[in-house]
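Trainee: Input: one structure, supplied below.
The values are calculated or read from the model by the stated rules, or taken from the named source; none is laboratory data. Note that this is a predicted model, so its numbers are computed, not measured. So basically every Cβ, Gly included, is an ideal-geometry build from the backbone, and we count neighbours across all protein chains shown. With ligands, DNA and RNA removed, areas are computed over all heavy atoms of the protein, side chains included. Shrake-Rupley method; radii C 1.70, N 1.55, O 1.52, S 1.80 Å.
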Amino acid sequence: MARLLSNMCSIQSVVPESYILPLERRPGQQVVPPCETIPVIDLDGDRNDLIQEIMKASQEYGFFQLINHGVSEEQMKNVMVVAKEFFDLPVEEKERFYSEDPNQTCRIKTSIDFAKEKVHFWRDSLRHPCHPLEENIQQWPENPARYREVFGSYSMEVRNLGLQILDLICEGLGLEPGYFEGGLTQSQIMSINHYPPCPDPTLVLGLPKHGDPYTLTLLNQGDVPGLQVLKDEQWLAVKPLPNAFVVNINHMLQIISNGKLKSADHRVVVSSNVARTTIASFISPSVDVLIEPAKSLVSEANPPLYKCFTFGDFIPTYIIDTHEGKDPLECLMIRS
Ligand code: OGA
Ligand code: NI
C-alpha cells in the first residue's frame, strides 16, 4: 500500500529512482505553447454547424473542449470535490480497494501496471465500470458517504452527453442512424486520476504518451493544467476552461471511421506545488464486439485500412505496445 503516491508524497523530497524517465522520454524544461489551443465547441448551437465543428476538430486534432454541454456546473464541481475527498482519505480506507489485478473491477492502483512496467508514472487512480449503473454501483466506495450518489448521477449524465456527441459524429461520417447505439457503447469506465505534487516534474510524467483504446473519452480536468496533446509532432497544453469537458476520439473510433477521425496521442505532466485531480469517463465497446471500418465507408477506391478483430483481443496488445512505446494500431493495419 505504501506504493500509492497519495499516501507517501508528503514525506518525499526527491523523486524515487524508479519514477525517473530515461532522458529522451522526460518532459524536461521544454516550454509547451499555451497559445495555440484545441478547438472549443459550444454544444448549444445549430446542429449542422455543430456536426461540422466536431468533424473538423476530430480530424485535425482528435481533441476538442465542449462548453454549454448540459451537465450542470454543480455536478462538475461536486464530483471533483468528492474525488479529492476520496484521495484525502486515510491509508486504511484506500487500501481496501488497492489491487494490481486488472480483473478486479473496482480498484485503486498507482502508475499504470506497477508490477510489470520498467518506470513508474506519477499517478494514482481509482477505476470502475459505470454502466449499467445498477450492476456496478454496489462495488463502488461508500466513503466518502456521497460517493455513490454523486458519481452515479454524474456517470449517467456523462453517458447521455457522450451518446449525443457520437450521434453527431455518426451523422458527420454519414453512417446509418444509431450506428453507435449497440455494442460499440455498451460499456463505460470511470478513471479518477490523482497526480500529487512532485519534487521534480522535469524528470517524470503523470501519464506517458498514449492514445485511449476505447470509443470516446470525456474528461473533467478541473482547473489545474497538465494535459498535453500531440499535434504535428508538437505538444500542445490543454488549457483548463471552467466547466468544460475535454473530449477525445479513441482508437476504436479511428478504426471505425477508417482513419478519418484521429485518436491523438496525449500525455500528462505534473506540478511541483499543486495536486491535480481529473475524472475521465470512457465510453467503450464490450469485449466481444467486432470492430472494423464501417462497411459504408469503404469501397474499392477507399479500401479498409484496418483488419476486423474483437475489442477484447485488442486490449492485451494495447497494453504491451503502450509499455514498449509502440503504436498499438500498427499491427491492425492492412498493408497493400
Ligand atoms: C487518461 C488520460 C488525462 C488527464 O486517463 O487516459 O489521458 O489529464 N487522462 O488526467
Ligand atoms: Ni488518455
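Trainee: (1) touching a residue at least 40 places away in the same chain (Cβ under 8 Å); (2) in a loop (DSSP other than H, G, I, E, B); (3) open to solvent by less than 40 Å² (accessible area, probe 1.4 Å); (4) not aromatic (Phe, Trp, Tyr): which one isn't true of Pro293, the others all being true?
Mentor: The one condition Pro293 does not meet is (1).
Trainee: Which residue is nearest to Gly62 (Cα to Cα), if the candidates are limited to region 219-261 and must be part of a loop (DSSP other than H, G, I, E, B) and within 14 Å of ligand 2 (Cβ to nearest atom)?
Mentor: Going through the qualifying residues, I end up with Asn250.
Quick grid of which residues meet (1) of a type outside the set (A, V, I, L, M, F, W, C); (2) over 17 Å from the mean Cα position of the chain (by Cα); (3) part of a helix (DSSP H, G or I):
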site	(1), (2), (3)
Val82	no, yes, yes
Asn103	yes, yes, no
Ile112	no, no, no
Ala115	no, yes, no
Lys118	yes, yes, no
His131	yes, no, no
Gln138	yes, yes, yes
Pro141	yes, yes, no
Ser153	yes, yes, yes
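Trainee: Something else: Scan region 304-330 residue by residue and report those that are over 22 Å from the mean Cα position of the chain (by Cα) and under 16 Å from Leu261 (Cα atoms).
Mentor: Pro304, Leu305, Tyr306
Trainee: Let me ask something additional. Which of the following residues is touching a residue at least 60 places away in the same chain (Cβ under 8 Å), open to solvent by 30 Å² or more (accessible area, probe 1.4 Å) and not in a strand (DSSP E or B): Glu181, Glu171? Working first, answer last.
Mentor: Numbers: Glu181 fails: touching a residue at least 60 places away in the same chain (Cβ under 8 Å).
Just one listed residue meets the conditions, Glu171.
Trainee: Here's a check for you: in region 189-202, which residue that is crowded, with 18+ Cβ neighbours inside 10 Å and assigned to a loop (DSSP other than H, G, I, E, B) is nearest to the chain's Cα centre (by Cα)? Give the derivation first.
Mentor: Going residue by residue through region 189-202, those that are crowded, with 18+ Cβ neighbours inside 10 Å are 189-196, 198, 201.
Right, trim to assigned to a loop (DSSP other than H, G, I, E, B) and you get 196, 198, 201.
Numbers: Pro196: 18, Cys198: 22, Pro201: 21 Å.
The residue in question is Pro196.
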